[in-house]
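As C-alpha coordinates, the structure follows; a few thoughts come after it.
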Amino acid sequence: MPRRAFSPGELAETPYNHGIVDNGKFSMSGQVSRDSDGNVVGRDLEAQTRKTFGNIEVLLERVNKDLDDV
(Lines give C-alpha, C1' and ligand atoms only; values in the text may rest on other atoms or scores of the structure.)
Protein backbone atom coordinates (compact mmCIF):
# COMPACT_ATOMS: atom_id res chain seq x y z
CA MET A 1 0.00 0.00 0.00
CA PRO A 2 1.55 3.36 -0.98
CA ARG A 3 2.13 6.16 1.50
CA ARG A 4 -0.68 8.73 1.50
CA ALA A 5 -0.48 12.08 3.29
CA PHE A 6 -3.44 14.39 3.75
CA SER A 7 -4.58 17.63 5.37
CA PRO A 8 -8.38 18.06 5.36
CA GLY A 9 -9.71 21.53 4.61
CA GLU A 10 -11.69 21.51 7.87
CA LEU A 11 -8.42 21.74 9.82
CA ALA A 12 -6.03 24.67 10.13
CA GLU A 13 -3.57 25.08 7.28
CA THR A 14 -0.09 24.01 8.37
CA PRO A 15 3.28 23.47 6.71
CA TYR A 16 2.99 19.75 7.55
CA ASN A 17 0.43 17.03 6.84
CA HIS A 18 -2.17 16.33 9.48
CA GLY A 19 -2.36 12.63 8.72
CA ILE A 20 -0.39 9.91 6.95
CA VAL A 21 -1.26 6.35 6.04
CA ASP A 22 1.83 4.26 5.36
CA ASN A 23 1.80 0.51 4.83
CA GLY A 24 -1.63 0.26 6.47
CA LYS A 25 -0.63 2.26 9.56
CA PHE A 26 -2.35 5.59 10.30
CA SER A 27 -0.43 8.37 12.05
CA MET A 28 -1.51 11.92 12.83
CA SER A 29 0.31 15.05 13.86
CA GLY A 30 -0.36 16.70 17.20
CA GLN A 31 -3.84 18.19 17.12
CA VAL A 32 -4.91 21.37 18.91
CA SER A 33 -8.09 23.40 19.32
CA ARG A 34 -7.78 25.48 16.13
CA ASP A 35 -10.43 26.03 13.49
CA SER A 36 -9.82 26.00 9.73
CA ASP A 37 -8.70 29.66 9.89
CA GLY A 38 -6.07 28.85 12.53
CA ASN A 39 -7.92 30.56 15.40
CA VAL A 40 -7.93 28.97 18.86
CA VAL A 41 -11.41 27.69 19.67
CA GLY A 42 -12.76 27.78 23.22
CA ARG A 43 -12.00 29.85 26.26
CA ASP A 44 -11.59 26.99 28.70
CA LEU A 45 -10.00 23.57 28.85
CA GLU A 46 -13.25 21.69 28.23
CA ALA A 47 -14.11 23.63 25.05
CA GLN A 48 -10.56 23.33 23.72
CA THR A 49 -10.50 19.60 24.45
CA ARG A 50 -13.81 19.11 22.62
CA LYS A 51 -12.46 20.96 19.57
CA THR A 52 -9.22 18.96 19.62
CA PHE A 53 -11.13 15.68 19.69
CA GLY A 54 -13.37 17.00 16.91
CA ASN A 55 -10.26 17.59 14.83
CA ILE A 56 -9.07 14.07 15.58
CA GLU A 57 -12.46 12.71 14.47
CA VAL A 58 -12.11 14.57 11.14
CA LEU A 59 -8.82 12.77 10.55
CA LEU A 60 -10.19 9.40 11.60
CA GLU A 61 -13.14 9.77 9.24
CA ARG A 62 -10.68 10.12 6.34
CA VAL A 63 -9.41 6.60 7.05
CA ASN A 64 -12.87 5.14 7.78
CA LYS A 65 -12.31 4.93 11.53
CA ASP A 66 -13.71 6.59 14.65
CA LEU A 67 -12.70 7.13 18.26
CA ASP A 68 -13.83 3.60 19.15
CA ASP A 69 -10.99 2.32 16.94
CA VAL A 70 -8.32 4.23 18.88
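The values are calculated or read from the model by the stated rules, or taken from the named source; none is laboratory data. All values reported here derive from a predicted model rather than from experimental measurement. Glycine also receives a Cβ, built like all others from the backbone with ideal geometry; neighbour counts cover every protein chain displayed. With ligands, DNA and RNA removed, areas are computed over all heavy atoms of the protein, side chains included. Shrake-Rupley method; radii C 1.70, N 1.55, O 1.52, S 1.80 Å.
Would you confirm whether any residue within the stretch 13-27 is among the hydrophobic types (A, V, I, L, M, F, W, C), open to solvent by 70 Å² or more (accessible area, probe 1.4 Å) and in contact with a helix residue (DSSP H, G or I) (Cβ under 9 Å, 6 or more places away or on another chain)?
Within the stretch 13-27, not a single residue is among the hydrophobic types (A, V, I, L, M, F, W, C), open to solvent by 70 Å² or more (accessible area, probe 1.4 Å) and in contact with a helix residue (DSSP H, G or I) (Cβ under 9 Å, 6 or more places away or on another chain).
In the stretch 36-51, what residues are at pLDDT 95 or above and closer than 17 Å to Glu61 by Cα?
Those that are at pLDDT 95 or above and closer than 17 Å to Glu61 by Cα: Arg50, Lys51.
For the stretch 30-70, enumerate the residues that are at positive phi and open to solvent by less than 80 Å² (accessible area, probe 1.4 Å).
Gly38, Gly42
Where residues in the stretch 32-65 are polar (S, T, N, Q) and part of a helix (DSSP H, G or I), which of them is nearest to Gly19 (Cα to Cα)?
Asn55
Quick check: anything in the stretch 34-41 within 17 Å of Val70 (Cα to Cα), of a type in the set (A, V, I, L, M, F, W, C) and without any contact (Cβ under 8 Å) to a residue 60 or more places away in the chain?
no
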